[in-house]
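Colleague: My questions all concern the structure below.
The values are calculated or read from the model by the stated rules, or taken from the named source; none is laboratory data. From a predicted model like this one, the values you see are computed outputs, not experimental measurements. Using ideal geometry, Cβ is built from the backbone for each residue, glycine included, and neighbour counts are taken over all protein chains shown.
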Amino acid sequence: MSKGAASIVILFLVLALTGFFFFSPNFFSSDNVHDSNIAKELLVKRFTSLGNSIAHSAFVEDALIMGEEAKLTEIVTRLKNDEPEITFVHFTDDDNRVLVSTDQAMVGKTYSSNVLAEGSSAVAERNGAYEGGFSIEIGNTKVGFLHFGASPRVTSGAFSVSGGSPITLIVGVVVALFAFLLTLLSKRNIKARLIDEMNKRQSEIFSPKIEALKNAQNEAQNKLREVNEKLESTEQDLQRFTEEYEAKRREAENNPIVQSIDRLKASESDLIARIDGLKEEEGQLNTEISLLSQKREEVLKALEAEKKEERTLHEKLDLIKKKILHLETPGK
């Protein structure tokens, strides 16, 4: 039996003994409500402390982040063996999908519970059974949940008062106070031992990985430093080249040769503009020449037609002259 389980067994024995001494005397014949509430409060505090110690463990947080379900299974098995009052344990992701459970049929299913409706950790009592829900968070980010159920061997009804003497009542109160202090110390010791054990396991398992990650981080930082140095050097070279270019440009602008070249470029632009104008005029003249050529061809054609008509008239005139001569000299 582990130290945590032994402490819990001692706690139950002390609580049972306190209940025996406090409630066995026939001092009060009724009014069990207040004492029942005290018992429930003690059980709720114990299960709350147990759940918080597991949910806030760095070992559990790392196992959820890394997806190492084997380590979560180990925690579930150890908790079930060390705490026989635990009836079920579920580790779920942030969507309440069961990752590891004492009930293999629940793995992969969505676990529905309203225990965490009003906070990040809570323990609720229903008909003598207790159900706890605890949010597993890293910073402000939820990475999963722990749910477990428990059926305590010592129920709240065991702390009923049936009657007795005032002396027995005083003895019962003293034993109850002693049990209460012992419970607080026991809870702290259980939590501390559980955290120490988990931290040791975490150190054994994750130390090589953490060392490798640190080495990789150092290498990445060195490479980043080299890149930043090269970038800074490149920026300085670019600044120097820019300054040299500006100086050369200003020097070139003040150089007479460059100024002459600029004037020649301006003159060239003017000449090109004049040439373009002359080309336009040439185009217009070519167009006018083409029109005049067309008109000349038309005039020549008209002259040819007139010449043909003139020859035709001359031929007709010659025929008329011949006829006149023939009529004047009929005997010839």
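Colleague: Can you report the number of residues in the stretch 74-101 which are of a type outside the set (D, E, K, R) and more than 15 Å from residue 145 (Cα to Cα)?
Modeller: Here the count works out to 6.
Colleague: With respect to the numbered conditions (1) assigned to a loop (DSSP other than H, G, I, E, B); (2) modelled with pLDDT under 60; (3) among the basic types (Lys, Arg), which one is the sole condition not fulfilled by residue 187?
Modeller: In the conditions (1) assigned to a loop (DSSP other than H, G, I, E, B); (2) modelled with pLDDT under 60; (3) among the basic types (Lys, Arg), residue 187 misses (1) alone.
Colleague: Please pick out the residue among 41, 118 that is of a type in the set (D, E, K, R) and under 17 Å from residue 147 (Cβ atoms).
Modeller: The match here is 118.
Colleague: Of the numbered conditions (1) surrounded by 10 or more Cβ atoms within 10 Å (Cβ to Cβ); (2) at pLDDT below 90, residue 272 satisfies every one except a single condition; which is it?
Modeller: The single condition residue 272 does not satisfy is (2).
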